[in-house]
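Read-outs throughout are calculated quantities, based only on the coordinates presented, and are distinct from any laboratory measurement. The structure presented is a predicted model; accordingly, all values stated were derived computationally and were not measured. In this analysis, Cβ positions are derived from the backbone assuming ideal geometry, glycine residues included, and neighbour counts consider all displayed protein chains.
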Amino acid sequence: MPTRHRAATNYHGFALATFLAGPIYVTSMGIAIWTTDMSAAVQLPNDWSWVAALLPLTMFSMIGGAFLSIVPNLIGLQAMMWLGGRNPAMQLPVSWALAGVLSMAFVTMLAEPDSTVSIPGIALVITGAICALLCRRGVSWEECPLAEGP
């Protein structure tokens, strides 16, 4: 009988992933747009007034991203904690990142059924991987021989 592991979390990683999902998505979107035409120069103004515009953008993306990501993050966290308790390979960070990538790739596939890869889809997949790794941050497992059952 394989040994089961009890998972514990302090939900700090979950909270971090939930509140940073929006800014991560916006940053991933910017990187994905930039990589489509890397020869184009990035034009920034000479003064630093554009930095002041980043604060409201960050706050709005943080609030919107938190509303959109709280349920997927919580479902993914609980599912991966459960899987990690039954299979030690699911405790590895790469397993969590792949779970985030695959779940968001599935969502992208449902949203874009014509099988073309779009920039928002790429940004969503990147966000899924990073949020899964952030959720993994506060999780630990301990052996629980009493949890062995049928």
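Note on PHE19 and VAL71: the model spin-label points, each 7 Å out from Cα along the C-beta direction, lie 2.3 nm apart. The Rg/Rh ratio of the chain, with both radii computed over alpha carbons and Rh defined as the Kirkwood radius, is 1.09. Helices of the chain meeting both criteria, an alpha-carbon length of 30 angstrom or more along the long axis and an average Kyte-Doolittle score not below 0.0, with helices taken as full DSSP H segments, are 12-36, 49-86. Placing +1 on each Lys and Arg Cβ and -1 on each Asp and Glu Cβ, with no other charges, gives the stretch 1-147 a dipole about its Cα centre of roughly 540 debye.
Just so you know, the Cα atoms of the stretch 4-76 work out to an Rg and Dmax of 16.8, 59 Å.
For the peptides 31-39, 74-82, 114-122, 87-95, residues were scored by their other Cβ atoms within 10 Å and the scores averaged per peptide; the highest-first order is 74-82, 87-95, 114-122, 31-39. The distance between label points at LEU98 and SER115 comes to 2.4 nm (points 7 Å beyond Cα on the Cα→Cβ vector).
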